[in-house]
Amino acid sequence: MAFVEFELSKEFRDRFQHALDERDGPFIYESLDGVNPADITSLLYEFNSEESKYVLDLLPLEVRAKIINDLDPDTRKTFLKIYEPKEISEFVNLLDSDDAADILNELPIKDSEEILTLLDADLKSQVIDLLRYDENVAGGLMAKELIKANVNWTVVQCIDEIRKQAENVTKFYTVYVVDDWDKLLGRVSLQRLILTDTRTLVKDIYDGDEVVAVETYLEDTEVAEIMKKYDLESVPVVNTQGQLVGRITIDDVVDVITEQAEEERQIMSGITEDVEEDDSVWRNTRARLPWLLIGAVGGMMSARFMGLFEGEISRIAAIAFFIPLIQATGGNVGIQSSSLIVQSLVNPSFVEEGLLKRLGKVFSVAVLNGFCLSVIVFGGNALVFGYDGLTWVVSIALFCVVIFASFVGTVTPLILNRFGFNPALASGPFITTTNDLLGLAIYFLTISILL
């Protein structure tokens, strides 16, 4: 289906807002007629729930269902509060089972149960089955709609069944082959079905050697990794008996990958909760404050540590000039190292390559980076301060800081991962605060030894 090109400009938004204020239904409908539902979704984020509901009520039910399904969960949860259960059931009936289950999970139990009674019988049965799974496992991700064929059917029987089942399946990429007890045996491509003689049995043409399936209890991140590794557009889901119970499509996995990336980005930024910019002031404060407090405590510890060397600083005031350089370099090197390790931990083969080999490579990179930085800083200081003892001390301390910060940035996420914590915690404020203290300790220790 071809959609009308749409651009959300300030002029259009203002004109649309005026139409909403005046309840100009004809203009709103004509403006959105033929527009991709995803574009309408982005437009509705500009308006409040009551205004958005007025717009949606003007659109066909199929479009309305698509738009509400595309809303992010937090926005949708708030938005659906202004709908009656009967209204919600009308568009939920048009969704796939996994999307319908997601929406019911976001609603109060009373509303969810009332909506269930209003769903079509087949969809109701599928949704009830899905609601028993945790949303973060394969069973919670999967949809019940799929195309399957019995291994003992002929090709013509299989094609007839595909025509029947395809009425409830919007997109399918392959036909799954099962036995009389619904145990998954393999799959057969549509191309092979079309090109094979219609009297041929499915068991003679299906592929059972390379089928990749996931169990209902598998974590969603593991499902995403499997689909990415094998470049799959969909993956079948089986229960503990090996029976085919559903399938997961690539669009569901993209959502998992996006959520995981956002979670790690916030953790690496020192935000402890999943928050958005338009969340409440208290929620945003609560999410940011813990790591800011840790950073503040680290700063006070740095100040106290510097106080131990007050005598040295008072005798050679230039010592204080280079403290920001030492701390900033240590923090940056630590974040670079930890970020690379966090990315590598996503790949299962990372651990197989061996820790010593990894540490050896990290040490080599740190030595080269430290040498280059030290030479540059030595040259700059020599031009400003001359070739005195402090010039040598700063360069040597900087070289040592780069090596130790690389080591801490590499080992910390590995340790966290080993004990079951999110390794992304090792990036951002955590590693910066740690390397600030480490950098100061190395700097003043070098001063004490060499000056």
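Describe numerically, in nm with one decimal, the distance between label points set 7 Å from Cα along Cα→Cβ at Leu450 and at Lys171. Those two pseudo-labels are separated by 6.0 nm.
Given R0 = 45 Å, the distance between the Cβ atoms of Asn136 and Ser364 translates into a calculated FRET efficiency of 0.70. How big, on average over all directions, is the shadow cast by the Cα convex hull of segment 158-260, in nm²? Spelled out: convex hull of the Cα atoms, projected over all directions, averaged, 7.2 nm².
Using the Cβ-Cβ distance between Thr78 and Val35 with R0 set to 25 Å, the FRET efficiency from 1/(1 + (r/R0)^6) comes to roughly 0.60. Computed from backbone phi with θ = phi - 60° and the Karplus coefficients 6.51, -1.76 and 1.60, the 3J(HN,Hα) list for segment 63-75 is 5, 4, 4, 5, 5, 5, 5, 7, 4, 5, x, 5, 5 Hz; x is used for glycine and proline.
Net length available on complete extension from Tyr54 to Cys372 is 108.2 nm, with 0.36 nm assigned per residue and the Cα-Cα distance removed. Spin-label model, Asn239 to Asp129: label points 7 Å out along the Cα-to-beta-carbon direction sit 0.8 nm apart. Under 5 Å between amide hydrogens, built in the peptide plane, is the criterion, and for Glu215 it picks out Val238 among residues at least 5 positions away or on other chains. Can you divide the C-alpha Rg of segment 1-84 by 2.2 N^0.38 Å and report the result to two decimal places? Cα-based Rg divided by the globular estimate yields 1.02. Working note: Karplus 6.51/-1.76/1.60 with θ = phi - 60° gives segment 77-90 the couplings 4, 6, 5, 6, 5, 8, 9, 7, x, 5, 5, 5, 4, 4 Hz, where Gly and Pro are set to x. For Gly186, the residues whose amide H sits under 5 Å from its own are Val177, ignoring neighbours fewer than 5 places away on the same chain, with H placed 1.01 Å from N. Going from the fewest other Cβ atoms within 10 Å to the most, the residues Thr198, Thr446 appear in the order Thr198, Thr446. Full extension of the chain segment joining Asp231 with Leu201 gains 8.0 nm, where the gain is 0.36 nm per residue of separation less the Cα-Cα distance. At full extension, Asp21 and Glu161 could sit 45.3 nm farther apart than now, given 0.36 nm per residue minus the alpha carbon distance. Per-residue Karplus couplings for segment 13-28, computed as 6.51 cos²θ - 1.76 cosθ + 1.60 with θ equal to phi - 60°, are listed in order as 4, 5, 5, 5, 4, 4, 5, 5, 4, 8, 6, 8, x, x, 5, 4 Hz, Gly and Pro entered as x. Under Stokes-Einstein, with the Kirkwood radius over Cα pairs as Rh, the value for segment 10-141 at 10 °C and 1.306 mPa s is 102 µm²/s. Need one number: nm distance between label points at Glu215 and Trp153, each 7 Å from Cα along Cα→Cβ, rounded to one decimal. Once both label points are built, they end up 2.9 nm from each other.
By other beta-carbon atoms within 10 Å, ranking Met301, Met227, Met142, Met306 with the fewest at the front produces Met301, Met306, Met227, Met142.
All of the numbers you see were taken from the coordinates with simple rules; none came from a lab. Please read all numbers here as calculations on a predicted model, not as lab measurements. Backbone-built Cβ (ideal geometry, glycine too); neighbour counts: all protein chains shown.
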